[in-house]
Amino acid sequence: MTSIVRDQWYVAAYGHEIAPRDGGGGTAFGRTICGEPISFWRTSGGEVTAMSDRCVHRRFPLSQAPSRLVADTVVCGYHGFTYGADGVCVAVPGQTRVPRSARLRRYPVVELDGFVWVFIGDPDRADAGSVPRAPWLALEGWTTVCGMEPLAARASLLVDNLLDLSHETYLHGGYIGTPEVAETPITVDVDEQAGTLRVSRHMADAGCPPFYARSTGITERITRWQDIEFTPPCLYRLHSRVAPVGVEPNADGSDPDGFHVKVVYAITPETETSTHDFWAVARDFALDDTSVSDYLRESNRTVVRQDVTALDVLERVLASEPDGYQELSIDIDTGSLAARRLIARLADAPIDSDR
Ligand code: FES
Ligand SMILES: [Fe+2]
């Protein structure tokens with residue numbers, strides 16, 4: 001049984017990964033989402049179009065050279081079948097009649113907040129208004145660094161990982177982890193109607209890890225808030241606030257002396273057992289300081305790779321074990337267990353207690 005929620009928007013790419021068509025040529029961008037190979041390209045008007053990455057003739061990938069883009073069509077590199085932006089074949093070699101069935105499956109696409117979202121599943125259920133938001137990534141007053149790491153592990157392992165940040169203390173010590181993260185209890189709040197989840201950990205007096213010391217310049221101990229907002233199955237935002245110990249927001253909610261970071265993850269299944277791990281870090285300070293951007297990009301990439309290494313190991317462990325083993329969960333797992341329940345509800349599947 002699949003564990004992937006199918007009638008769902010997923011992040012397929014950053015907008016900047018799909019090149020503008022200034023010269024009219026180029027090659028489509030290919031990526032497998034939820035087991036489906038998809039090619040993406042921009043029309044001359046700049047809109048992203050998404051369609052099956054397999055030519056209907058002999059299945060050659062349309063994102064792979066010598067397949068190429070010509071004006072607002074994609075020409076298969078094997079025998080020249082040519083498709084428009086609507087996926088309909090407009091020309092075949094050696095005959096004028098184009099078979100009526102010569103059309104590629106199209107996918108609904110929305111470009112928002114710097115992400116290209118694609119709808120997998122029944123296109124009639126694609127409501128562009130339901131795409132979850134991460135506005136800071138494209139908002140004035142914020143500076144963002146981002147990347148994507150391929151994960152050779154199922155998406156549920158990344159959900160578990162992100163919803164239980166106690167692992168920062170152990171897996172990311174020296175980067176973002178300090179003892180206080182694992183020591184401080186969490187609160188979990190599920191919005192059953194919206195199907196969303198919040199997990200909060202507020203540390204009143206904590207060590208300042210290098211990730212924040214080097215980016216903010218704070219050298220003493222900090223008040224550190226981690227407020228996670230998760231829209232299952234695929235968009236995770238960590239609202240992080242750091243300030244010198246005792247510095248709180250004002251009563252009206254303004255917070256001029258706090259440093260704010262939004263850590264955004266888009267969790268997109270590539271297959272049942274591999275995942276695209278999109279990560280972005282947006283900050284509201286040192287906006288034009290490229291050394292801070294360089295540091296946060298490298299540091300966060302290192303942190304993500306530490307997770308990737310651990311989760312790749314876990315995937316191999318799971319694959320080698322018989323079904324039905326019993327996990328042991330404790331208080332720190334409350335957030336990830338709630339996320340599993342919400343995702344199972346979306347998938348209309350039993351709760352994945354043994355994955
Ligand atoms: S495989 Fe595409 S034209 Fe033959
Ligand atoms: Fe991590």
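Of the residues LEU157, LEU197, only one is open to solvent by less than 30 Å² (accessible area, probe 1.4 Å), away from ligand 1 (no atom under 16 Å from the Cβ), in a helix (DSSP H, G or I) and under 23 Å from ALA339 (Cα atoms); which?
The match here is LEU157.
Can you find a residue that is free of Cβ contacts under 8 Å to residues at least 60 places away in the same chain, touching a strand residue (DSSP E or B) at 6+ places or on another chain (Cβ under 9 Å) and closer than 17 Å to ARG214 by Cα anywhere in region 264-281?
Among the residues of region 264-281, not one is free of Cβ contacts under 8 Å to residues at least 60 places away in the same chain, touching a strand residue (DSSP E or B) at 6+ places or on another chain (Cβ under 9 Å) and closer than 17 Å to ARG214 by Cα, which makes the answer no.
For region 116-133, which residues satisfy the criterion of being more than 22 Å from ALA347 (Cβ to Cβ) and either more than 21 Å from the chain's Cα centre (by Cα) or buried (at least 20 other Cβ atoms within 10 Å of the Cβ) (or both)?
VAL116
Between ASP307, ASP331, which is under 21 Å from LEU238 (Cβ atoms), of a type outside the set (S, T, N, Q) and either in contact with a Pro (Cβ under 8 Å, 6 or more places away or on another chain) or at pLDDT below 95 (or both)?
ASP331
For region 284-301: of the residues being part of a loop (DSSP other than H, G, I, E, B) and under 14 Å from PHE211 (Cβ atoms), which is least open to solvent (accessible area, probe 1.4 Å)?
Step by step, filter region 284-301, then rank; the result is PHE285.
Condition check ((1) free of Cβ contacts under 8 Å to residues at least 40 places away in the same chain; (2) of a type in the set (S, T, N, Q); (3) within 15 Å of ligand 1 (Cβ to nearest atom)) across all residues:
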site	(1), (2), (3)
ILE18	no, no, no
ASP22	yes, no, no
GLY25	no, no, no
CYS34	no, no, no
MET51	no, no, yes
GLN64	yes, yes, yes
THR73	yes, yes, yes
ALA85	no, no, no
VAL90	yes, no, yes
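Step by step: first the residues of region 160-194, then only those that are open to solvent by 20 Å² or more (accessible area, probe 1.4 Å) and among the small types (Gly, Ala, Ser), then the one that is nearest to SER130 (Cα to Cα). Which residue is that?
ALA194
With respect to THR96, determine if the residue is more than 16 Å from ligand 2 (Cβ to nearest atom), free of Cβ contacts under 8 Å to residues at least 24 places away in the same chain, open to solvent by 30 Å² or more (accessible area, probe 1.4 Å) and assigned to a loop (DSSP other than H, G, I, E, B).
yes
Checking TRP136 against (1) outside any helix (DSSP H, G or I); (2) open to solvent by 30 Å² or more (accessible area, probe 1.4 Å): exactly one of these is not met. Which one?
Among (1) outside any helix (DSSP H, G or I); (2) open to solvent by 30 Å² or more (accessible area, probe 1.4 Å), TRP136 violates only (1).
Cβ-Cβ below 8 Å, separation at least six or inter-chain, first residue in region 145-159 and acidic (Asp, Glu), second at pLDDT 95 or above: which pairs?
GLU149/ASP277; GLU149/TRP279; GLU149/ARG301; GLU149/VAL304; GLU149/ARG305; GLU149/VAL308
Restricting to region 13-27, name every residue that is under 30 Å from ALA347 (Cβ atoms) and touching a Ser or Thr at 6+ places or on another chain (Cβ under 7 Å).
Once the filter is applied, which keeps residues that are under 30 Å from ALA347 (Cβ atoms) and touching a Ser or Thr at 6+ places or on another chain (Cβ under 7 Å), region 13-27 yields nothing.
Exactly one of (1) out of contact with any Leu (no Cβ under 8 Å at 6 or more places or on another chain); (2) of a type outside the set (Ser, Thr, Tyr); (3) buried (at least 19 other Cβ atoms within 10 Å of the Cβ) is unmet by VAL110. Its number?
(3)
Does LEU151 satisfy the criteria of being over 16 Å from THR309 (Cα atoms) and out of contact with any Lys or Arg (no Cβ under 8 Å at 6 or more places or on another chain)?
No, not satisfied.
Pick from VAL317, VAL304: which is of a type in the set (Val, Ile, Thr), under 19 Å from LEU151 (Cβ atoms), touching a Gly at 6+ places or on another chain (Cβ under 9 Å) and part of a helix (DSSP H, G or I)?
Answer to the check: VAL304.
The values are calculated or read from the model by the stated rules, or taken from the named source; none is laboratory data. Keep in mind it's a predicted model, so treat the numbers as computed, not measured. Cβ: placed from backbone, ideal geometry, glycine included. Neighbour counts: every protein chain shown. Accessible surface areas use protein heavy atoms only, side chains included; no ligands, DNA or RNA. Shrake-Rupley method; radii C 1.70, N 1.55, O 1.52, S 1.80 Å.
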